[in-house]
Amino acid sequence: MTNASVSTALYRDHHANVGQLAGRIEALLASRSVESDPAALIATVRELFGIFAVHLSLEDSALYPRLLTHPDAGVRATAARFQTEMGNLRARFDLYRTRWPGPVAVAKDPAAFVRETRDVVAALKHRIGREDRELYDLIDRAGMASAA
């Protein structure tokens, strides 16, 4: 495997898991049980952010360093753009987690929690969709995917 060789399979798998959790969160938000018993939703949100934190760590330590040294200027530019955008999204997630640390915070304003959870889940889904279509597909087309 060369320095720039990357398999997108693991990252796409993570995205699929994140998408499934996002779907569970959306279903829980639609059930309107948030006001009476937010525990299941909060647990699922925490699970989502745990998995996403691992995913981001892998991207930061393995994927982006390889892409940023790729000989193709288009690959480098796309990777740099996505990495910059991810910093903004990460800050948004951190603010969300700080604002909604648990059931007590949710009980104080469940409507705001629902609204902000929908927003952050939508942003996450949008991001992983773009990453799959634009970045990962670019990696695959550039012949960077390893045989593994």
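The values are calculated or read from the model by the stated rules, or taken from the named source; none is laboratory data. For clarity, every value in this text was computed on a predicted model and none was experimentally measured. Neighbour counts run over all protein chains shown; Cβ positions are idealised from the backbone, glycine included.
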For the stretch 111-120, does any single residue satisfy the condition of being surrounded by fewer than 17 Cβ atoms within 10 Å (Cβ to Cβ), under 29 Å from Ser7 (Cβ atoms) and touching a residue at least 12 places away in the same chain (Cβ under 8 Å)? no
Report, by residue number, each residue of the stretch 87-141 that is within 14 Å of Val45 (Cα to Cα) and outside any helix (DSSP H, G or I). Trp100, Pro101, Gly102
Do we have any residue at all in the stretch 70-81 that's buried (at least 19 other Cβ atoms within 10 Å of the Cβ) and not in a helix (DSSP H, G or I)? yes
Being touching a residue at least 12 places away in the same chain (Cβ under 8 Å), of a type in the set (D, E, K, R), under 19 Å from Thr117 (Cα atoms) and assigned to a helix (DSSP H, G or I) is the requirement here; does Arg24 meet it? yes
Here is a check on your reading of the model: is Ala148 modelled with pLDDT of 90 or more, small (Gly, Ala, Ser) and under 19 Å from His14 (Cα atoms)? no
Going by the conditions given, is His55 under 19 Å from the mean Cα position of the chain (by Cα), under 16 Å from Tyr11 (Cβ atoms), at pLDDT below 90 and surrounded by 13 or more Cβ atoms within 10 Å (Cβ to Cβ)? yes
